[in-house]
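Take a look at the structure below.
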2 protein chains.
Amino acid sequence: MGTINDNHEPENIFTNTMNPLDPEEFRRQGHIIIDFLADYYQNIENYPVQSQVQPGYLRKRLPESAPYNPESIETILQDVQTDIIPGLTHWQSPNYFAYFPSSGSISGFLGEMLSTGFNVVGFNWIASPAATELENIVMDWLGKMLTLPKSFLFSGGGGGVMQGTTCEAMLCTLTAARDQTLSRIGRESIGKLVVYASDQTHFALKKASQIAGINPMNFRAITTTKSTAFELSPEALRSAILSDVEAGLVPLFLCATVGTTSSTAVDPLGPLCDVAKDYGIWVHVDAAYAGSACICPEFRHFIDGVEGANSFSLNAHKWFFTTLDCCCLWVKDPNALIKALSTDPECLRNKATESKQVVDYKDWQIALSRRFRAMKLWLVLRTYGISNLRNLIRSHVNMAKHFEELIGMDKRFEVMAPRHFAMVCFRVSASAMGKDEKYCSSNELNGKLLESINASGRVYMSHAVIGGVYVIRFAVGATLTNYGHVTMAWKVVQEHADAMLMCGSAICMWGCANRQEWR
Amino acid sequence: MGTINDNHEPENIFTNTMNPLDPEEFRRQGHIIIDFLADYYQNIENYPVQSQVQPGYLRKRLPESAPYNPESIETILQDVQTDIIPGLTHWQSPNYFAYFPSSGSISGFLGEMLSTGFNVVGFNWIASPAATELENIVMDWLGKMLTLPKSFLFSGGGGGVMQGTTCEAMLCTLTAARDQTLSRIGRESIGKLVVYASDQTHFALKKASQIAGINPMNFRAITTTKSTAFELSPEALRSAILSDVEAGLVPLFLCATVGTTSSTAVDPLGPLCDVAKDYGIWVHVDAAYAGSACICPEFRHFIDGVEGANSFSLNAHKWFFTTLDCCCLWVKDPNALIKALSTDPECLRNKATESKQVVDYKDWQIALSRRFRAMKLWLVLRTYGISNLRNLIRSHVNMAKHFEELIGMDKRFEVMAPRHFAMVCFRVSASAMGKDEKYCSSNELNGKLLESINASGRVYMSHAVIGGVYVIRFAVGATLTNYGHVTMAWKVVQEHADAMLMCGSAICMWGCANRQEWR
């Protein structure tokens, strides 16, 4: 293959006979990729779940420059198999239990294909009316499935928008809240604005605050404790607000979480919104992970109180079978978003916008350009239907319950936080370590245990530290996972623990700081 | 079909036999969609380019709630054909000449399929090493194709990252510049920071400044004029800076554009960077559209001077055959980005990060989660090769030249700005309107002409107002376009102009304000 340095041009550079969108070639190559991916899913359990490559592995394998001459799709797919797949951590593997799931599905995939195939840029209504209108409709559909208050739906004066990620949803709502408040108290007061969260809130909020120009000194991560299941206490919130107000600061924004990243704790929305209301604070509810569960009547209570919030978001790409990326954000007052984020350039002027009968989503988000994300959520909702979606969610919760029961049968382990959804936080308990704990702390040992489990490639889990305690997180939700995988995952945990916990006391074989001493 | 109100659950809700990622079902449905899209491309010229639907068309056609029971992919595809396609503006149509292109290709599509199929979430290296490393590599490849200074490449201490859009690239670099400056002069000075641009700069910059908390009073859109081809004048920049400095403000950021949205004007990078350097201003070069052309040696001079800039971006989803979204951003000092955007939560701690041998892209962008975008650009670069990519770009430029020549042969029209790339700004000239101009201004008439052209559905163009003059923008770049389409587009323009400009004077039939008078 030629490289960038073969700089001689073909003789007739102005005759271009290649058609990069030739329909028949599209058909031929498209079918090849479908078969490649179907085979990938078929064989996915043969790959180590967590990639086992070392940093820099790929640069050693690929050329330093792009090829000068074309290469065939067959050649490239061979390289995907040989060079890329070993470097993937297989989020779609049924043995993937780390972080939160990235739950793909056939329908999510097909929706993304359609949206990519049409490749429209729906920044405003006129640029592709179907993209905007379908988004309006599916956001109302999903809002109804969650029984969100009507005030969050288009049909009730609010509305929904699909963003890429929760980070963007947080930044947009925070900017809206900020500009609403600054227009009242004056722009020079930006340094006085305060953002509230708990110490369990996703770090995306801190980053969004930074980007939006909030003074980092004015970010309050209110401490939570195990005794209250790591939920944000309304009293603690009020007292933080009071001392800020006394200090002449201006309370701006609260992010409450339904299903925190570390332990899926659920902040009490109702009481928190009541406190926020007293001080005119914008409340955003981040239900990135757990929001999806609330389409089941038995889980809906977790978002009770959402009627007091200003905005609500969940990631359909986490636990709702809609491929990355798809964050669904609902707001009660779209005008607050639009005021902060709208632009009205001459080049995009059009009659539909001027008629005020349409939504121009460019004014609801950071970016101008936007993909046709509604297509994939529409397909997911229709192909599975509410009944199957509920049952899929329930099956994940039940598998997590099953895992929890397995833990309960092995006295060496303990569950470290209430399991509300499909994620279990557990660890080898301090008591299982016996008298040798002085040589290897419980946190260290659990860290080593997780490392050895993941290095096996058989399953993949992740960790968190809550209340100072290191826990292993086991999140069920990969679409291919069934009971057999969960049972096997528990066996893997036990086997690795067996190797570490010998004779009922802690014999740490995994390279802790004090190894020399006790070996 | 059931609706959300059919709330009775199936009897055994805990047995879930459906597998939403069943490989054989994936294969079957995947092939169906490939054929659907291949047929779409085959028939794309049968659809009106700009959608002809009215606001609210889709809500009338779709149910009010999601279905309770599943629906088949065959049913859904029928609805896509009947309900969605009429509401699409067909950006992939060969008769699409509006805004800038959204240039799809087979390889871009296949790359998106692979990335969606794997559905990994590459927020940091460990979460999927191949996603990060391939991005490092293709960003270096493309940087070399553009002959960017080595200081922008990983191999030279800088580096590249794929963002969704230029808006995000602007916000990230602006935030980096802001925090760098504030750490020097104190956070309380945020109100003093000034952002510079020309009145032709994309409005995304103003929005990014707003989001980043820059005082809107401190956004300088420096006036450009036709006499200097709407380029930002270094002298005008210096004088704006001087008066801000005198007023006690702090110059922060300059966005220079290579290929402005309205007329593809090219700001003189070298002289602008020289001015910026004197005041320690961060220079970002926005080459969203025209950057792609700079892989051709004969167009590379348009980014001469980029060595003086801090960051550079182009949208591979515009004119580089890589489907939406894919904005390539290079920075000389990744640490400036990382300082402003990094987060180091416990739950993402890992040895690879601690070794400092890897890139964690979550710290180079707004969001945490990120798709595997490198896959599609890698496929585009390899399947076409540098030679074909250059020739494709050249063929678009030549088609635009051809269109310009056709305009030159019709005395009623004039080209309104220098054509540097593949976009032509033209209009019916004032002289063609003769004595009746008092009844219908040149701007109005050209607006009506464009409206009537687009309403025909045969072609789609857009408009801009530059220097107070309304112009029609004709952007070549849709992948399926060939000379025949360009020639036909010109015939459509002429036919519609014929209907409006009768007897050589302006007889405006299109509903101007004074219609009653002259009918």
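The values are calculated or read from the model by the stated rules, or taken from the named source; none is laboratory data. All of these numbers come straight from a predicted model, not from anything done at the bench. Methodologically, a virtual Cβ is constructed for each residue, glycine included, from the backbone with ideal geometry; neighbour enumeration extends over all protein chains shown. Just so you know, the surface numbers come from the protein's heavy atoms only, side chains and all, with ligands and any DNA or RNA stripped out. Shrake-Rupley method; radii C 1.70, N 1.55, O 1.52, S 1.80 Å.
Just to be sure before I move on: is A:Ser107 surrounded by 19 or more Cβ atoms within 10 Å (Cβ to Cβ), assigned to a helix (DSSP H, G or I) and polar (S, T, N, Q) in the structure I sent?
yes
Give region A:463-480 a look and list any residue that's under 26 Å from B:Leu21 (Cα atoms) and open to solvent by less than 10 Å² (accessible area, probe 1.4 Å), or say none.
Across region A:463-480, the qualifying residues are A:Arg473, A:Phe474, A:Ala475, A:Val476, A:Gly477, A:Ala478.
Of (1) within 7 Å of another protein chain (Cβ to nearest Cβ); (2) in contact (Cβ under 8 Å) with a residue 12 or more places away in the chain; (3) buried (at least 24 other Cβ atoms within 10 Å of the Cβ), B:Gly117 satisfies all except one. Which?
(2)
Applying the selection to region B:164-190, what residues are part of a loop (DSSP other than H, G, I, E, B) and open to solvent by 10 Å² or more (accessible area, probe 1.4 Å)?
Within region B:164-190, B:Gly186 is the sole residue that qualifies.
Looking at region B:311-422, what helices (runs of 4 or more DSSP H) fall wholly within it and have at least 3 residues that are among the hydroxyl-bearing types (Ser, Thr, Tyr) and within 12 Å of another protein chain (Cβ to nearest Cβ)?
B:374-408
Scan region B:280-291 and give yes if some residue there is free of Cβ contacts under 8 Å to residues at least 40 places away in the same chain, within 23 Å of the chain's Cα centre (by Cα) and closer than 11 Å to B:Tyr196 by Cβ, otherwise no.
Checking region B:280-291: at least one residue is free of Cβ contacts under 8 Å to residues at least 40 places away in the same chain, within 23 Å of the chain's Cα centre (by Cα) and closer than 11 Å to B:Tyr196 by Cβ.
Could you run through region A:218-236 and say how many residues are within 18 Å of A:Gly248 (Cα to Cα) and either in contact with a Phe, Trp or Tyr (Cβ under 6 Å, 6 or more places away or on another chain) or assigned to a helix (DSSP H, G or I) (or both)?
Of the residues in region A:218-236, 2 are within 18 Å of A:Gly248 (Cα to Cα) and either in contact with a Phe, Trp or Tyr (Cβ under 6 Å, 6 or more places away or on another chain) or assigned to a helix (DSSP H, G or I) (or both).
Out of (1) closer than 26 Å to B:Val266 by Cβ; (2) assigned to a helix (DSSP H, G or I); (3) free of Cβ contacts under 8 Å to residues at least 40 places away in the same chain, what's the single condition that is false for B:His463?
All conditions are met except number (2).
Do we have A:Glu235 as under 25 Å from A:Ala417 (Cα atoms), modelled with pLDDT of 95 or more, acidic (Asp, Glu) and surrounded by fewer than 18 Cβ atoms within 10 Å (Cβ to Cβ) here?
Yes; evaluated as a whole, the condition is true for this residue.
When only residues in region A:200-217 that are in contact with a helix residue (DSSP H, G or I) (Cβ under 9 Å, 6 or more places away or on another chain) and assigned to a loop (DSSP other than H, G, I, E, B) count, which is nearest to A:Gly259 (Cα to Cα)?
Within region A:200-217, the match that is nearest to A:Gly259 (Cα to Cα) is A:His202.
Just to be sure before I move on: is B:Gly143 open to solvent by less than 10 Å² (accessible area, probe 1.4 Å), under 19 Å from B:Gly30 (Cβ atoms) and more than 7 Å from chain A (Cβ to nearest Cβ) in the structure I sent?
No.
Identify all residues within region B:191-217 that are open to solvent by 10 Å² or more (accessible area, probe 1.4 Å), farther than 18 Å from B:Pro268 by Cα and free of Cβ contacts under 8 Å to residues at least 40 places away in the same chain; write none if there are none.
B:Gly191, B:Phe203, B:Lys206, B:Gln210, B:Asn215, B:Pro216, B:Met217
Quick one: would you say A:Gly111 is touching a residue at least 24 places away in the same chain (Cβ under 8 Å), more than 8 Å from chain B (Cβ to nearest Cβ) and farther than 15 Å from B:Ile126 by Cα?
Here the answer is yes, as A:Gly111 does meet what is asked.
Using the structure shown, decide if B:Gly308 is out of contact with any Asp or Glu (no Cβ under 6 Å at 6 or more places or on another chain), open to solvent by 10 Å² or more (accessible area, probe 1.4 Å) and among the small types (Gly, Ala, Ser).
It is true that B:Gly308 is out of contact with any Asp or Glu (no Cβ under 6 Å at 6 or more places or on another chain), open to solvent by 10 Å² or more (accessible area, probe 1.4 Å) and among the small types (Gly, Ala, Ser).
The rows are residues; the columns are (1) among the β-branched types (Val, Ile, Thr); (2) without any contact (Cβ under 8 Å) to a residue 40 or more places away in the chain; (3) within 7 Å of chain B (Cβ to nearest Cβ); (4) assigned to a loop (DSSP other than H, G, I, E, B).
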position	(1), (2), (3), (4)
A:Val49	yes, no, no, yes
A:Arg61	no, yes, no, yes
A:Glu74	no, no, no, no
A:Val80	yes, no, yes, no
A:Asn136	no, no, no, no
A:Leu148	no, no, no, yes
A:Met162	no, no, no, no
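Restricting attention to region B:82-102, report how many residues are more than 9 Å from chain A (Cβ to nearest Cβ) and closer than 18 Å to A:Ala130 by Cβ.
Residues in region B:82-102 being more than 9 Å from chain A (Cβ to nearest Cβ) and closer than 18 Å to A:Ala130 by Cβ: 3 in total.
Name the pairs whose Cβ atoms lie under 6 Å apart, with the first residue in region A:14-40 and more than 7 Å from every other protein chain (Cβ to nearest Cβ), the second at pLDDT 95 or above and open to solvent by 10 Å² or more (accessible area, probe 1.4 Å), and 6 or more positions between them or separate chains?
So the pair list comes out as A:Phe36/A:Leu77.
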